[in-house]
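Every number in this text was worked out from the coordinates using simple rules, so none of it is lab data. Because the structure is predicted, anything quoted here is derived from the model rather than measured. Cβ sites come from the backbone with ideal geometry, for glycine too, and all protein chains shown count toward neighbours.
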Amino acid sequence: MKKLLHRCLRFSFYVVSLVLLIYAEGAGQTIRIRGTRNPTLRITSGIPDGQLIDVVNTGCSLRYSTPNYRTWKITVGTTCMNQSFTLRVVTTNPQRGTSAGEVTLISGAQASDFITGIPSNTNRANATLQYTASATFDQGHSGDEGNDRHTVTYTIQRQ
Amino acid sequence: MSFRGFILLKGYQMRVQTMETTKIPKENGIFGLYLIARIAIFNGTITRAKMISFFSKRTIYLTVIALFLVLLPLTAFCQSQSRSHTVTVIVDPVSVIAVAPVAVNLDIPGGATAVVIAGQDEMRVTDQNSILRWGTNEDEGKVTISTSLTPQTFRLQVAVSNIQANPTGAGSIVTQFDVTDIDHDLITNIAKSSGHCNILYTGIALASAGIGTDSHTLTLTMVAQ
């Protein structure tokens, strides 16, 4: 009976270790979207013999943290039913890591690197999200094509 | 009788294999093993404590394997974290138009530079330096023109040329016509596009009408056709 108890204790140790492992891997890195929760970019004017005027929104930002090991990155991707217009996103001032440059969000495309080289022990760093919507005259308007409603997903993961 | 599940626990397997005369169908599964073990205990082949130990050990192994199978994929999943939000892009109907320069003078001069031809009452002067530019994301647009001046002492005619659009859909131009205070089509069938064209103004005066100045404010409008 004593031996059985000993085995039970050993088994408990394994389970606790496994839980701690999961916690260390999963709970160390976090990412949040702050500011205007669901921004809307509305194109209302254009240039004769030119193109419609881009609209920029900088009302959102990312806040991210990383655990005390490894280098991390943030990727961005989108899904949008019947995408008609162009949506781009860039961050120019990430507090930690390096901006991967402007990303054109294309529905269903593989997620693109957004911020790379985020070091370990990053604690609540911020990066402003700058969305730019653009369209050409020949692409029509939302009355005919419908609004482009993107679900933009940011993922923090090991680099 | 053959219970290969005992391979992991060789010691117990040997003991149970001494019970070959005990016919218990292996469809009984773990319960069959339990029965064999009970018989073994009854026969004194193994002790009750060892049987409990065996089943406990087996339970532990199975539990640990099950935990790993379930939790390891979860561990891999937890190595990333995602957040999403909705970004909506709306494009309003936009039709824009511009014309340059803002003022055009059509002078029918007298004196040495007079355009009057002896024996003819009508004098003409033209200007084709004006450029009309547009852009529209609506289907089937047109450009109209009208003047604020009525009545007119002299005639003002207008026409367009060299029409170009991007990517296509430059539309159709109408033939030269007199500008009045009623909107008149200048370009029709403009598709979703942006483009430009030259505007040709022609001032026509009759010598018999004498001298004077007609000051027009021309209004060019882009509307749905």
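Taking the Cα atoms of chain A, what is the range of coordinates along each of the three principal axes, in descending order and whole Å?
88, 31, 24
Between B:Ile65 and A:Ile53, what FRET efficiency comes out of the Förster formula 1/(1 + (r/R0)^6) with R0 = 51 Å and r the beta carbon distance, rounded to 0.05?
That pair, A:Ile53 with B:Ile65, gives E of 0.25.
What's the angle, to the nearest 10 degrees (0 to 90), between helix A:2-26's Cα axis and the longest principal axis of chain A?
20 degrees
Can you give the FRET efficiency for A:Arg37 and A:Thr79, using 1/(1 + (r/R0)^6), R0 = 25 Å, r = Cβ-Cβ distance, to the nearest 0.05?
Rounded to the nearest 0.05, the efficiency is 0.90.
Determine the shielding of peptide B:134-144 by partner chains: average, over its residues, the number of Cβ atoms on other chains within 10 angstrom of each Cβ. Before the final figure, lay out the partial values.
Values: counts 4, 11, 6, 15, 5, 3, 0, 0, 0, 0, 0.
The shielding value for this peptide is 4.
Kindly give the semi-axes, whole Å and largest first, of the ellipsoid equivalent to region B:122-225, taking each as the square root of 5 times a Cα gyration tensor eigenvalue.
Values: eigenvalues 164, 37, 18 Å².
Working through the eigenvalues yields semi-axes of 29, 14, 9 Å.
Quick one: length gained pulling B:Asn198 to B:Asp121 fully straight, 0.36 nm per residue minus the C-alpha distance?
Values: separation 77, 0.36 × 77 = 27.72 nm, distance 2.86 nm.
Computed gain between B:Asn198 and B:Asp121 is 24.9 nm.
What's the extension gain from B:His184 to B:Glu140 if we count 0.36 nm per residue and subtract their Cα-Cα distance?
Net length gain for the segment: 14.2 nm.
Please find the FRET efficiency linking B:Ala224 to A:Thr92, where r is the Cβ-Cβ separation and R0 is fixed at 35 Å, and quote it to the nearest 0.05.
With a Förster radius of 35 Å, E is 0.30.
Under the Karplus relation 6.51 cos²θ - 1.76 cosθ + 1.60, θ = phi - 60°, what is the ordered set of whole-Hz ³J(HN,Hα) values for region A:136-144, x standing for Gly and Pro?
10, 4, 6, 7, x, 9, 5, x, 9
Please arrange A:Ile53, A:Ile74, B:Ile108, B:Ile182 by counting, for each residue, the other beta carbons lying within 10 Å of its beta carbon, fewest first.
Neighbour counts put them in this order, fewest first: B:Ile182, A:Ile53, B:Ile108, A:Ile74.
Given points 7 Å out from each Cα along the Cα-Cβ axis, report the B:Ser84 to B:Ala100 separation in nanometres with one decimal.
4.6 nm
Could you list B:Phe154, B:Phe177, A:Phe114, A:Phe137 so that the one with the fewest beta carbons within 10 Å of its beta carbon is first and the one with the most is last?
Going from least to most buried by this count: B:Phe177, B:Phe154, A:Phe114, A:Phe137.
So for A:Met81, B:Met222, fewest C-beta neighbours within 10 Å to most, what's the order?
Fewest to most other Cβ atoms nearby, the residues stand as A:Met81, B:Met222.
Out of residues 5 or more away from B:Val94 or on other chains, whose amide H comes under 5 Å of its own, with H placed 1.01 Å from N in the peptide plane?
Residues meeting the criterion, in which the H sits 1.01 Å from N, are B:Asn137, B:Glu138.
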